[in-house]
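Colleague: Got a structure for you, questions after.
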Amino acid sequence: MKRDLEMNFEDFPLNVPSEKRITNKLDVLLQDLVECGSALTANLAIKHWNKYMTQINTDAAVIYVRYSCDTRNPVYKRAQARVDEISPIISNYSNKFAKILVKARYRKDLEKKYGKYYFQMMDASLKAFDEKIIPELIQENKLVSEYDSLLGGAEIKFRGEVLNLSQLGKYLQDVDRETRKEAAQAMDKWMSEHEEKLGQIYDDLVHLRDKMAKKLGYKNFVELGYLRLGRTDYNAKDVKKYREQIAETVVPVAQKLYKKQMKDLGIKDPQYYDYNLKFKTGNPKPIGGVDKLVNVAHEMYSDLGSESKEFFEFMMKHNLMDLDARKGKAPGGYCTSLTAYNAPFIFSNFNGTDGDVNVLCHEGGHALQAYLSFPIKIPEYQNPTLEACEIHSMSMEFFAWPYMEKFFGKDANKYRYLHLADAIEFLPYGITVDEFQHWVYEHPNATHQERCAYWRSLEEKYTPHKKYDDTPTLGHGAYWLRQSHIFANPFYYIDYTLAQVCAFQFFIEMRKNHEKAWKKYIKLCKFGGQAPFVSLLEHNHLRNPFVDGNVAKVIHPLEKVLKEFDTSKF
Ligand SMILES: [Zn+2]
C-alpha cells in the first residue's frame, strides 16, 4: 500500500500548545473514560484519547524539529519552552488515564482486544511514578541540566586555542602521538579542576534516586531504574549473567584487536589515547557531501527492497531530513516520529567524516522501522523498548556493507573493518558502564573516591589495555565522569550492547543468505513494539543474549570475518 501525504515538512503547521485548551480537552476525554461501564464503550474512549494524544505529541515533535534546525529563531524558542512547561502536566494526565484502566472492572475483556502487554506497560509506568516523587523528579532534571551545561560549556586551553570537549576530540585522535598526548593531558587537567563539582552532582543524583526508590517502597534504585525503562521481561540478575558472558567471550577478542592495532601502528608502550587512532593514514573519508551521500543512500535503499525504496523516496519527497551543518542548528543527530502524518524525521550535522554515512544507515534504520510500524493501530505498540529500537538501526549499518564502495570509494574496506572492530570493542566498555551503575545504586553511600576506585577496578578487568601514565585524574578512575548516560539515563547504556549482539546475528545471517536476512529484518521493523524485549526476540527468531552460550555463538563467526582484512595495508 503506497502512502501519500499532501504536505511537505515545511507545510506542517506550528501548533503551539496552550495549557488551558489541552487540559480542558483532556479533562473531557478522561471523564468519558470514567463513565465507561464496559470494554465496548471504553474502547471508543481509548480511541478518542489516542487520537488527541497523537496530535499533541506530533505538534510537540514538529516544534522540537523546527527548534533544533534553527535554535536562534525566537518563535521556535518560545514554542519549545511552552512544550517543556506543559509536558509534565500531560504526563500526569496519562498517568491518571492508566490508573483508571488498570483498575477497571472490564480490564480482562479489554486485555483480549489490546493484549496483556498493553496493561503490563501501564502497570510498569504506574509502579515507577507517583505524585509524591514529583519534587525529586524536578530536582533530578535540574541536576542533569547542570551536568550538561558544565560539560557542554567546558573551555579547555590547548595550543593557544580555547576548545570544548568535542573540538578537543579531533586532537585526541590525531595521527601525531605528541599531539594526542598533549590533548589527553589538557583534558585530564580540565577533569581534575572539575572533578569535585561533577562528583558532587552525581552524588546528589544517586541520593535523590535512592530516596525516590525508598518512597515508592523499593530496596534501592535498581528495580525502579529498570521499571523506568519499561523492562518487563528481564531483570538485573539476567543482565549480570549477560555481562559475565561478554567478559568471558568478548573481552579476549577485543584485547587481541587492540594488540594488533598497536602492532600495525608500531607503538610499543601504548597509553589509552593511542587507541583513539585506528589507522596510520587516518579514518576512512566519504566521497562527498550531503547531496552525493543522499543519492547513494537512495540507490542503496532502492536496491535493498521495495519497502525501503518506498520509505526513502517518501523521506526525500517530503523533505523529512535536515542533514547539513548550519550555524544555529542544535548539535548531534536523531530520528523522531511525526506520527499524525505517518512521517519519520532525521536530523543531523554532516561534517565530512565517516559519521555522515553512519547517520544515513543508523538513523535511516530507526526511520524505516517507524515508517513500517505506523500502520499498527495501537500507538503504544508502534514503538519498541529502547534496546529493541537499536536493533533496527545497528542492523541497518550492516545491511549497508555491500554499498560501501559507493559511499567511500577506495576506503570501503577500511570502513568495514573499523565498523566491525569498533562494534566488538564497544561491548567491554558497555558492561563497564553498566556494572558500575549497579554497584553505585546498591551502595548509595559510597564516597566519590570509592566510586572512582571501583570504576578503575572494572577497567582493569574489562579493558586492561588502558594505561593512564600521563593522565593522573583518569588514572585514579575518573573517566566515568565524562559518560553522560551515567548521569542522565541510569541503566540505559547496556541497551546498546544488547542490540549490538542482535545486530551481529543479522550480519552473520546476511552473509549466508542476504535475501532471507533482509526479509526477516523487514518483518522485525513491521513488528514494532508489540512485545517486550525478550519475547520480541522470540517472535522474530533472534537469539536471546541473556541465555548462556548465545553471546559466544554470535561472536565466534565475527572473528573469522575480521581475519579477512589485511589491516597492515590500511
Ligand atoms: Zn540509535
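Every number in this text was worked out from the coordinates using simple rules, so none of it is lab data. Everything numeric in this text was worked out from a predicted model, so none of it was measured. Every residue, glycine among them, receives a Cβ derived from its backbone with ideal geometry; neighbour counts consider all protein chains shown.
Colleague: Quick check: pseudo-label points 7 Å beyond the Cα along Cα→Cβ at His556 and Lys410, how many nm apart are they?
Modeller: For His556 paired with Lys410, the spin-label model returns 3.9 nm.
Colleague: For a footprinting-style exposure proxy, rank Val296, Val251, Val175 by other Cβ within 10 Å, fewest first.
Modeller: Val175, Val251, Val296
Colleague: Evaluate E = 1/(1 + (r/R0)^6) for Ile134 and Gln200, where r is the Cβ-Cβ distance and R0 equals 30 Å; express this FRET efficiency to the nearest 0.05.
Modeller: 0.80
Colleague: If I take every Cα pair under 8 Å that is 6 or more residues apart in the chain, average their sequence separation and divide by the length, what percent do I get for the relative contact order?
Modeller: Once divided by the residue count of the chain, the mean separation gives 18 percent.
Colleague: Moving to a separate point now. Based on the Kirkwood radius over alpha-carbon pairs, what value in µm²/s does the Stokes-Einstein equation return for the translational diffusion coefficient of the stretch 9-114 at 25 °C and 0.890 mPa s?
Modeller: 161
Colleague: Same structure, new question: Have a look at Val16, Ala61, Ile100 and report the one farthest towards the positive end of the charge dipole of the stretch 9-114, computed about the Cα centre with Cβ charges (Lys/Arg +1, Asp/Glu -1).
Modeller: The Cα lying farthest towards the positive end belongs to Ile100.
Colleague: Just to be sure I understand the model, the point goes 7 Å from the Cα along the line to the Cβ. What's the resulting Lys377 to Lys103 distance in nm?
Modeller: Here the answer is 2.9 nm between the modelled labels.
Colleague: Right, here's the next one. Please state, as a whole number in µm²/s, the translational diffusion coefficient that the Stokes-Einstein equation yields for the stretch 40-91 at 37 °C and 0.692 mPa s, with Rh defined as the Kirkwood radius across alpha carbon pairs.
Modeller: Answer from the Stokes-Einstein relation: 268 µm²/s.
Colleague: Rg to Rh for the stretch 92-251: what is it, with Cα atoms only and Rh by Kirkwood?
Modeller: Answer for the stretch 92-251: 1.14.
Colleague: Now, a different point. Need one number: nm distance between label points at Ser87 and Lys112, each 7 Å from Cα along Cα→Cβ, rounded to one decimal.
Modeller: According to this spin-label approximation, the distance is 3.9 nm.
Colleague: Please tell me which of these pairs span more than 25 angstrom C-alpha to C-alpha: Lys127/Lys240; Lys181/Lys329; Lys519/Lys553; Lys197/Lys461; Lys240/Lys466? Walk me through the intermediate numbers first.
Modeller: Details: Lys127/Lys240 23 Å; Lys181/Lys329 32 Å; Lys519/Lys553 22 Å; Lys197/Lys461 28 Å; Lys240/Lys466 23 Å.
From Lys127/Lys240; Lys181/Lys329; Lys519/Lys553; Lys197/Lys461; Lys240/Lys466, over 25 Å: Lys181/Lys329; Lys197/Lys461.
Colleague: May I pose another question? Need one number: convex hull volume per residue for the chain, Cα atoms only, in Å³.
Modeller: 155
Colleague: Name the residue farthest towards the positive end of the dipole of the chain from the options Ser145, Ala499, Gln120, assuming +1 on Cβ of Lys and Arg, -1 on Cβ of Asp and Glu, about the Cα centre.
Modeller: Sorting the options by dipole projection puts first Gln120.
Colleague: Let me ask something else. Please compute the volume of the convex hull spanned by the alpha-carbon atoms of the stretch 389-546 and report it per residue in Å³.
Modeller: Once divided by residue count, the hull of the stretch 389-546 is 148 Å³.
Colleague: Moving to a separate point now. With a 10 Å Cβ neighbour count serving as the proxy for reagent exposure, in which order, fewest first, do Thr58, Thr497 appear?
Modeller: Listing Thr58, Thr497 from fewest to most nearby Cβ atoms yields Thr58, Thr497.
Colleague: Using 0.36 nm per residue, how much length does the chain from Asn489 to Val175 gain when fully extended, once their Cα-Cα distance is taken away?
Modeller: Details: separation 314, 0.36 × 314 = 113.04 nm, distance 3.36 nm.
Stretched fully, the Asn489-Val175 segment lengthens by 109.7 nm.
Colleague: Another question, then. Across the chain, where is the longest run that never hits GluC sites (Glu not before Pro) in a DSSP loop with at most 15 other C-beta atoms within 10 Å?
Modeller: 156-563
Colleague: Now, a different point. In the chain, if the dipole is taken from +1 on Lys/Arg beta carbons and -1 on Asp/Glu beta carbons about the Cα centre, which of Ala81, Val294, Met510 is farthest to the positive end?
Modeller: Met510
Colleague: Follow-up question, since we're still on this one. Which peptide among 331-339, 549-557 comes first, and what is the full order, when sorted by highest mean count of other Cβ atoms within 10 Å?
Modeller: 331-339, 549-557
Colleague: With N residues in the stretch 436-478, what two-decimal value do you get for its Cα radius of gyration over 2.2 N^0.38 Å?
Modeller: Values: Rg = 10.9 Å, N = 43, 2.2 N^0.38 = 9.2 Å.
Rounded to two decimals, the normalised Rg is 1.18.
Colleague: Work out how far the C-alpha atoms of the stretch 280-412 reach from end to end along every principal axis, then list the three figures in whole Å, largest first.
Modeller: 51, 36, 30
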